[in-house]
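The values are calculated or read from the model by the stated rules, or taken from the named source; none is laboratory data. Please read all numbers here as calculations on a predicted model, not as lab measurements. When we count neighbours, we look across all protein chains shown, and the Cβ atoms used for this are built from the backbone with ideal geometry, even at glycine.
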Amino acid sequence: MKKVFVSMLAALFLSIGTLGVTTDVSAEEVSDIQLTEEQKNEMSELQSDVLEKKKEIINKYVEYGVFTSEKGEKIKQHLDKHYSKLEKNGFIPKWDKLKKQNGNEED
């Protein structure tokens, strides 16, 4: 009987501890950050390298028959569009923008 009581008490404490604590795991929003031209150039070079590697991977998938050539082109166009958005935003990612657009932002 004592074991049952101790187990129930432990379960109660654990459930209270997990129910009462909420954490925000999203990154802090810093909207006034601007990269220097040198930083933008470095990010541009890194992002361009990543873009080219991703395109190489898509080309291999097309070559191996995983994707049709049309699907491969569509994916590469999407990657180009993403790069253009990054470039337009000064290579500062806007990860929380989609969250706000969908109305999932928690206050």
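Give me the residue from region 82-107 that is of a type in the set (D, E, K, R) and within 23 Å of E45 (Cα to Cα) and, out of that set, modelled with the lowest pLDDT. Lay out the reasoning, then the answer.
At the first step, the residues of region 82-107 found to be of a type in the set (D, E, K, R) are 85, 87-88, 94, 96-97, 99-100, 105-107.
In the following step, the residues that additionally are within 23 Å of E45 (Cα to Cα) were identified as 85, 87-88, 94.
Numbers: K85: 94, E87: 94, K88: 94, K94: 84.
Step by step, filter region 82-107, then rank; the result is K94.
Pick out the one residue from L79, L35 that is surrounded by 11 or more Cβ atoms within 10 Å (Cβ to Cβ), in a helix (DSSP H, G or I) and either among the aliphatic types (A, V, I, L, M) or modelled with pLDDT of 95 or more (or both). I'd like the intermediate steps shown before the answer.
Details: L35 fails: in a helix (DSSP H, G or I).
L79 is the lone residue from the list that is surrounded by 11 or more Cβ atoms within 10 Å (Cβ to Cβ), in a helix (DSSP H, G or I) and either among the aliphatic types (A, V, I, L, M) or modelled with pLDDT of 95 or more (or both).
When region 59-73 is examined, which residues are found to be surrounded by fewer than 13 Cβ atoms within 10 Å (Cβ to Cβ) and either in a helix (DSSP H, G or I) or more than 26 Å from the chain's Cα centre (by Cα) (or both)? If you could, list the steps in order and put the result at the bottom.
From region 59-73, those surrounded by fewer than 13 Cβ atoms within 10 Å (Cβ to Cβ) are 60, 63-66, 68-70; that's our starting set.
Result: K60, E63, Y64, G65, T68, S69, E70.
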